[in-house]
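Everything below concerns the one structure shown next.
The values are calculated or read from the model by the stated rules, or taken from the named source; none is laboratory data. Since the model is a prediction, treat every value here as computed from it, not as a measurement. Note: ideal-geometry Cβ built from the backbone for every residue, glycine included; neighbour counts use all protein chains shown. To get the accessible areas, we keep the full protein, side chains included, count just its heavy atoms, and leave off ligands, DNA and RNA. Shrake-Rupley method; radii C 1.70, N 1.55, O 1.52, S 1.80 Å.
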Amino acid sequence: MKTAFVFSGGASLGALEVGMLKALTEYDEEIKADFIIGTSVGSLNGAFYAYNPTPAGVLQLETIWNEVTFKNVFSPSPVTPVKNLLSFGKYLISPKNLRELLQKHLPYQKFEDTKIPFYAVTTDLKTGREVVFNRGLVLEALMGSVAIPLVFPPQYMENLMIFDGGVVNNCPISTAVKLGAERVIVFPTGYLNTPEVYPKNLEEVVVRALLYLLTRQLTSDYHLYKDKVDLRIIPSPPGLLLNPIDFSRSTELIQAAYVHTQKWLKNGGWESKLPPETLPCDVYSEDLFLREAVEPFKDKPAKERIKENLEDVTCVVKEAIEEKVDQLKDSYDKSKAHIKEKLEQSKGKILRSEKNKKDAKQQ
């Protein structure tokens, strides 16, 4: 049975895919991909795994994710957006840092160098057509696949204007099927599992809306292909408040996905072939949610909203300070130990030198 591993887009949420992949490869070494396809950040994960599709390769990918910071991906500068806006440019942030990060860690140059065939999904913004790269310069294809419109510049290749593949196919199940997959294993990032949580600010509203837009395609593809191929969607861990641009939580996301996927596998999730839970934005389900429109209640007053969000910010700042203090303490202890070692070495040299002088006099 020809098997495809499909990695979805989702920026920093790509860390979830690493935890899922780690649990799946540990569960059964016989579950292997005949080819790998990824969109946006999923193309990055797919590119690394396609080159080294082993548990050791997954651990290397985990190590990279644990080191990634916001500045590794984005190059914050007040000059770039102003310059591009004034000069009618097409992006706000330089991709320099992201390119350097990939150049540092990517151990090969061409698609043809991977151990497993690899496909990177992108979008031609001129036509709205999906463009799939499977040969040539892998770094350039990846830079195109992650080129979020407005954020990063496009990649101009021949007559194509290449942007993020998530614009047209964030979870490329359909592409995997076109490539001949009979079994499709999906590593998703884009659906929330926090139905009881209200978004508390503008950022959370935007993030949730974006994730639902991405999820709708995954849900639609599930209904379209569930009876045509052996389709398995690995579940996202519940209860996580997701933010696609927060790269400080990679370790947490990897661990949460790893533990949840282990539990899902142990409870027979792999054998069930059913969707992990009710996917959001399922407009194809038989359920119809009819309600009566009533007078809406008012949002919280500004004073209460400010207090609530300040409390959250205070907690984040406090955690950051505590982490920094621990780092400084650790650095101080290491420096102290290093200085002590050097002093001991110097003391030893002095004692040996004095001994040698004393021995010389006695002779």
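Assorted remarks:
- Set of aspartates and glutamates with alpha-carbon distance to Lys307 below 15 Å, sequence-local pairs under 8 removed: Asp299
- Whichever aspartates and glutamates have a C-alpha closer than 17 Å to that of Lys178, once near sequence neighbours (fewer than 8 apart) are set aside: Asp34, Glu130, Asp221, Asp227, Asp230
- Computed over protein heavy atoms with a 1.4 Å probe, the accessible surface of the chain works out to 59 Å² per residue.
- The lysines whose alpha-carbon is closer than 17 Å to the alpha-carbon of Lys349, local same-chain residues fewer than 8 away aside, are Lys340, Lys357, Lys358.
- Column: log10 I(q)/I(0), Debye, Cα scatterers of the chain, q = 0.07, 0.10, 0.14 Å⁻¹: -0.39, -0.70, -1.23
- In this Cβ point-charge picture (+1 for Lys and Arg, -1 for Asp and Glu), the chain has a dipole of about 1900 debye about its Cα centre.
- Fluctuation leader among Tyr27, Tyr332, Tyr284 - the chain, Gaussian network, Cα springs under 10 angstrom: Tyr332
- Value at 222 nm in deg cm²/dmol, rounded to 500, when DSSP H runs of n ≥ 4 in the chain each add -39,500 (n - 2.57): -16500 deg cm²/dmol
- Computed over the chain, relative contact order equals 21 percent, with contacts defined as Cα pairs under 8 Å that lie 6+ residues apart.
- Per atom type, the chain shows carbon and sulfur on 57% of its accessible surface, probed at 1.4 Å.
- Selected from Leu150, Phe187, Asn52, residue furthest toward positive end of dipole (the chain; charges at beta carbon): Asn52
- Each of Cys315, Cys171, Cys281 has its accessible area taken with a 1.4 Å probe; listed largest first, they run Cys315, Cys281, Cys171.
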